[in-house]
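Shown next, in structure tokens, is the structure this report addresses.
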Amino acid sequence: DNNVADLMKDLSADDRSDKYISHALQVRAAAQLGNYCAFFRLYSDAPGHSGYVMDTFIGRERFAALRRICRAYQPSVPLAAVSD
């Protein structure tokens, strides 16, 4: 059983419109999709104490984002070809 999926399925429209639940759902979606720009924007705009909850995993997400950025922009030309 996937408890998160079950909980999300059972949320009412009123639940989804709550600013804390809405924020949590947006954070989950951004993290799951690897949308680091949206994720860190949500972190900086976290309502109430949500930012403190996100502090528990923000380091992991920062490291994953940095790894993805480094892989995407790593040089594809051998160093010897450009060093002479």
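The values are calculated or read from the model by the stated rules, or taken from the named source; none is laboratory data. It should be emphasised that the depicted structure is a prediction, and the values quoted were computed from it without experimental measurement. In this analysis, Cβ positions are derived from the backbone assuming ideal geometry, glycine residues included, and neighbour counts consider all displayed protein chains. Each accessible area value is taken on the protein alone, full model and side chains, heavy atoms only, with ligands, DNA and RNA left out. Shrake-Rupley method; radii C 1.70, N 1.55, O 1.52, S 1.80 Å.
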Revision key, fill the gap. For segment 17-36, the count of residues that are under 8 Å from the mean Cα position of the chain (by Cα) and either β-branched (Val, Ile, Thr) or part of a helix (DSSP H, G or I) (or both) equals 8
Check your understanding: Quick check: is even one residue across segment 76-84 small (Gly, Ala, Ser) and under 13 Å from the mean Cα position of the chain (by Cα)?
Key -> no
Review point. Across segment 52-75, what is the total count of residues that are assigned to a helix (DSSP H, G or I) and of a type in the set (Asp, Glu)?
Key: 1
Review point. For segment 1-14, how many residues are at pLDDT 90 or above and either within 30 Å of LEU66 (Cα to Cα) or part of a helix (DSSP H, G or I) (or both)?
Key: 2
Check your understanding: What number of residues within segment 1-39 satisfy the criterion of being open to solvent by 60 Å² or more (accessible area, probe 1.4 Å) and either closer than 14 Å to MET54 by Cβ or among the basic types (Lys, Arg) (or both)?
Key -> 6
Practice item. For residues that are open to solvent by less than 100 Å² (accessible area, probe 1.4 Å) and farther than 13 Å from ALA30 by Cβ, scanning just segment 51-71, find the one that is farthest from the chain's Cα centre (by Cα). Key: CYS70
